[in-house]
Amino acid sequence: MQPNKIFQRLFRNTSTLHRRHILDKKENHCLISCKNQRLNHYVNTKYSNLEPIPLASKGWNHHKSKGDFFMINPIAEENEYKKPKIPFSQLNIMPELIKTLEKENIMKATSYQAEAIPELFENNHVLLGAETGCGKTICYLLPLLQTIASMKDSNNDALNSPRILVLVPSRELAFQIGEMANILAEPLDLKVKILTGGKIKKNMMNPHFEKIDILVATPGAIGKLSTVGIYKLQNVQHTVLDEADTLTDDSFDERISVLLRRVAQSRLVLVSATLPKYLPDSLKPIESALVEVISPEIHRPLLHVPQKFFRISRSGKVGQMLHIAKSNKEPLLIFTNRNETCNWLAMFLRENGLTCSNINGDMNYYIRIQQWNDFVEGKTRILSATDIGSRGLDTIDIKHVVNYEFPLHAADYLHRIGRVGRIGSPKDCKVTNLICGGQEITLLQEIEVCKVGY
């Protein structure tokens, strides 16, 4: 069996030296522990190309496998690239920004940030590729804000004409990044604007004009309002595509292509936790000039967080989910694939006496924000979500992620489990997956093959 292409990157991104270091440290470590202990896999186990790999999930397509389970155990401490250990002063960050970071309890940069920030002070097109939760937002906000703050703005009187444009795929992510941008921009006297859908017609009929330095926007909103001239993009110096893998897929590619033509004078910064297999046509002109800053841990399914897989019948899944929810006393995030299931699961848990919020793409935006805030503020301890809650959102209080419906794509799995094990997350985070059959088992076995190949 050949692993999914997105997981194949983990072998290329791991140096021989790094792998040998972990093998020596954890020589007899049980990487995969199974209900059938004969299928346990240890770190130092090797298989030849002609020898079949004894997967724990090999027989899971058979109905008699129901009730089986296995655990992928942590093999390493928190990723070294996520450990804050380098003073921001060594990265030429302005004292004003360092003081602001310290107020937010961000004292030092991670190794990844220390590699990425100097590249962003240059004027090259940059691709930031790193696993979720390692501080990519600060990676690009710090150098870009400092750069425009140190340059005299020759268009100081231009209104609704930003110098930094940050494009994001969702409203929730826009407000999260906008909040961080506002915190960092305040000591530099820079103005941040957040622009999302929902009030486009109102903005067209009664536009508001103001000085803007940084605009954080969803593609649909800025696309429409820049088309009618309410926002002007000719002065944009830096364009960021945050969650670039999503923004360059088929659902956004046409809008992004139009916007990139409008900011053709700017340098591009692509930010993603999963690397696309290829760049879309709209980004082909910069491909040869693109400087990549890639974490060696990208596409690796969380080496420091335990992941449990249950083979379960569809009829038994509801009861198992209720048992998990009732026995869990910490913030819990449950993922589903469909909006209807997300709504139903939240209602089911409420009917069984549990406090539960839910967010999905079918909900009214303001209701969605209220549900999210209730969860973040601790008014509810469970959040039922579709993949709208898996990308970019900061969830450091969450200790447990459950895939009630297992995702169908590798990238979605990586983003979902990336809601735990982040910088600042609790130490004892975990992931639970409920597996029913079919395509779910196909992806599960790709994950398992990659872990065995570790």
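Derivation of every value follows stated rules applied to the coordinates shown; laboratory data play no part. Please read all numbers here as calculations on a predicted model, not as lab measurements. For neighbour counting, all protein chains shown are included, and Cβ atoms are generated from backbone atoms with ideal geometry for every residue, glycine included.
Tabulated results
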read-out	value
Within the chain, helix-based [θ] at 222 nm, where runs of 4 or more DSSP H residues each add -39,500 (n - 2.57), nearest 500	-10500 deg cm²/dmol
The stretch 216-290 - Rg (one decimal) and Dmax (whole number), Cα, Å	12.0, 36
Exposure proxy ranking, count of Cβ atoms within 10 Å, fewest first, for Met363, Met347	Met347, Met363
DSSP-assigned coil residues among GluC sites (Glu not before Pro) in the stretch 85-118, each with at most 12 further Cβ atoms within 10 Å	Glu104
Too-long pairs where the Cα-Cα distance tops 18 Å, listed order kept, from Lys58/Lys308; Lys193/Lys224; Lys326/Lys427	Lys326/Lys427
Lys/Arg +1, Asp/Glu -1 at C-beta; the stretch 80-294 dipole; positive extreme among Phe121, Thr218, Leu275	Thr218
Over the chain: Rg over Rh, Cα atoms, Kirkwood Rh	0.98
Amide H contacts under 5 Å for Leu195, placed H, 5+ residues apart	Val216, Ala217, Thr218
For the stretch 80-294, convex hull volume per residue from C-alpha positions, Å³	116 Å³
Exposure proxy order (Cβ contacts within 10 Å, fewest to most) of Thr147, Thr380, Thr355	Thr355, Thr147, Thr380
Qualifying chymotrypsin sites (Phe, Trp or Tyr not before Pro) in the stretch 231-303, DSSP loop, other Cβ atoms within 10 Å at most 10	Tyr278
Residue among Leu190, Leu142, Ile286 farthest towards the positive dipole end of the stretch 80-294, charges placed on Cβ	Leu190
Residues with amide H under 5 Å from that of Ser384, placed H, sequence gap 5 or more	Ile334, Ser357, Asn358, Ile359
Positive-end residue of Asn160, Leu345, Thr386, charge dipole of the chain with Cβ unit charges	Leu345
Rh (Kirkwood; distinct C-alpha pairs) - the stretch 104-148, Å	11.0 Å
Selection of trypsin sites (Lys or Arg not before Pro), the stretch 203-281, meeting DSSP coil and at most 11 other Cβ within 10 Å	Lys277
